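Novice: Below are the structure tokens for one structure; questions will follow.
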Amino acid sequence: MSTLLTLRDVWVEYGDKIVIEKLDLDIAEQSFVSVVGPSGAGKSSFLRLILGQEAPTRGRIELDGTPLVPECGPDRGVVFQRYSVFPHLSVLRNTMFGLECPKAPLSGRLFGSARRAARDEAAAMLEAVGLGDSFDLYPAQMSGGMQQRLAIAQALVQRPRILLLDEPFGALDPGIRADMHALITRLWRDYSLTIVMVTHDIREAFTLGTRVLALDKRRHDPHAPHRFGATVVYDLPLDKPVDAPEDKDHSITIDENGNN
Ligand SMILES: Nc1ncnc2c1ncn2[C@@H]1O[C@H](COP(=O)(O)OP(=O)(O)O)[C@@H](O)[C@H]1O
Ligand SMILES: [Mg+2]
């Protein structure tokens with residue numbers, strides 16, 4: 001599979017604080033990269049780099065061999081742990097917003113046939129994430145799992161090639177999380193996505209990923225913790241067939257307390 005994203009000697013610094021140092025990475029198209037690491041290691045900063053929300057202090061990032069455009073382009077979608085969706089918009093409007101915004105950036109609205117086409121696309125995506133019966137609900141009326149389904153629909157309706165997930169299932173109950181694992185695995189295959197997912201859950205990282213990256217500091221200075229940044233300390237390719245059975249996730253059962 002060809003390389004989609006390249007990072008070369010990438011550093012992120014805030015003032016004199018080094019958060020990420022010397023990151024060299026190639027991410028293959030259609031891979032599912034899980035990113036783990038201690039809190040504060042720079043995992044979210046890493047996602048912001050790929051999203052183009054933040055420029056590296058040093059180094060370069062390329063998408064398909066071209067320098068990354070420093071803004072959230074339609075080729076990249078993102079889902080955060082919480083608050084990705086707009087509380088004042090219905091499910092359907094939230095999803096249509098993903099289409100309206102890039103095409104009508106000032107008003108955020110489409111009219112006539114463009115609007116009908118956006119509605120149909122949004123409706124199809126909501127069906128795909130299992131919200132086909134919930135078009136008129138508002139986020140506050142939905143469970144956490146449904147809200148994350150909506151956030152995924154909102155990101156995917158723009159047909160991004162890369163989906164970035166920042167601890168997307170961390171706030172969900174274990175049973176719901178298993179459903180979401182099955183959903184994201186299906187969407188990853190159906191839409192030929194490249195996914196980069198940050199997670200605290202090491203088992204989730206291995207269950208879903210085709211590759212697991214651990215971000216951490218290689219060097220510590222106890223007198224100046226800001227002096228060294230995190231980088232990739234483990235990079236584990238998992239030889240998974242892309243067309244594995246869809247319910248691979250169901251081999252793991254987790255009870256209410258998160259135990260086996
Ligand atoms: N805009 C910023 N200004 C200064 N420091 C920041 C900023 N964003 C993140 N940091 C710092 O960078 C480090 C990594 O943050 P983050 O990427 O959120 O880590 P993680 O997601 O792994 O928990 C933290 O120490 C955080 O305080
Ligand atoms: Mg984070």
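The values are calculated or read from the model by the stated rules, or taken from the named source; none is laboratory data. Here the structure is a predicted model, which is why all the values come from computation and not from measurement. For neighbour counting, all protein chains shown are included, and Cβ atoms are generated from backbone atoms with ideal geometry for every residue, glycine included. Areas reflect the complete protein model, heavy atoms only, side chains present, ligands, DNA and RNA absent. Shrake-Rupley method; radii C 1.70, N 1.55, O 1.52, S 1.80 Å.
Novice: Only residues that are assigned to a loop (DSSP other than H, G, I, E, B) and among the hydrophobic types (A, V, I, L, M, F, W, C): list them for the range 198-232, please.
Specialist: Ala224, Phe228
Novice: Picking from Gly15, Gly65, Gly59, Gly37, which residue would you name as being open to solvent by 10 Å² or more (accessible area, probe 1.4 Å) and within 16 Å of ligand 2 (Cβ to nearest atom)?
Specialist: Result: Gly37 is the single residue among Gly15, Gly65, Gly59, Gly37 that is open to solvent by 10 Å² or more (accessible area, probe 1.4 Å) and within 16 Å of ligand 2 (Cβ to nearest atom).
Novice: Six or more apart or on different chains, Cβ atoms under 6 Å: show the pairs whose first residue is in the range 164-190 and small (Gly, Ala, Ser) and whose second is more than 16 Å from ligand 1 (Cβ to nearest atom).
Specialist: As it stands, the answer is Ala171/Gly144; Ala182/Asp249, since those pairs meet every condition given.
Novice: Continuing with this model, one more query. Filter the range 120-143 for residues that are outside any loop (DSSP other than H, G, I, E, B) and loosely packed, with under 15 Cβ neighbours inside 10 Å and give the result.
Specialist: Asp120, Ala124, Glu127, Ala140, Gln141
Novice: Read through the list (1) more than 14 Å from ligand 2 (Cβ to nearest atom); (2) surrounded by 14 or more Cβ atoms within 10 Å (Cβ to Cβ), then give the number of the only condition that Leu51 fails.
Specialist: The one condition Leu51 does not meet is (1).
Novice: Sort out which residues of the range 151-169 are over 20 Å from Leu92 (Cβ atoms) and at pLDDT 90 or above, and write them in order of number.
Specialist: Ile162, Leu163, Leu164, Leu165, Asp166, Glu167, Pro168, Phe169
Novice: Restricting to the range 198-243, and then to whatever is of a type in the set (Asp, Glu), within 16 Å of ligand 2 (Cβ to nearest atom) and surrounded by fewer than 20 Cβ atoms within 10 Å (Cβ to Cβ), can you tell me which residue is nearest to Leu165 (Cα to Cα)?
Specialist: So, considering only residues that are of a type in the set (Asp, Glu), within 16 Å of ligand 2 (Cβ to nearest atom) and surrounded by fewer than 20 Cβ atoms within 10 Å (Cβ to Cβ), the one nearest to Leu165 (Cα to Cα) is Asp201.
Novice: Could you tell me whether the range 153-165 includes any residue that is within 16 Å of ligand 1 (Cβ to nearest atom), open to solvent by less than 10 Å² (accessible area, probe 1.4 Å) and within 23 Å of Ser31 (Cα to Cα)?
Specialist: yes
Novice: Among the residues of the range 99-111, is there at least one that is open to solvent by 10 Å² or more (accessible area, probe 1.4 Å), more than 22 Å from Ser31 (Cβ to Cβ), basic (Lys, Arg) and assigned to a loop (DSSP other than H, G, I, E, B)?
Specialist: Yes, there is a match, as at least one residue in the range 99-111 is open to solvent by 10 Å² or more (accessible area, probe 1.4 Å), more than 22 Å from Ser31 (Cβ to Cβ), basic (Lys, Arg) and assigned to a loop (DSSP other than H, G, I, E, B).
Novice: Can you report the number of residues in the range 174-197 which are open to solvent by 10 Å² or more (accessible area, probe 1.4 Å) and either at positive phi or not in a helix (DSSP H, G or I) (or both)?
Specialist: Residues flagged as open to solvent by 10 Å² or more (accessible area, probe 1.4 Å) and either at positive phi or not in a helix (DSSP H, G or I) (or both) within the range 174-197 amount to 2.
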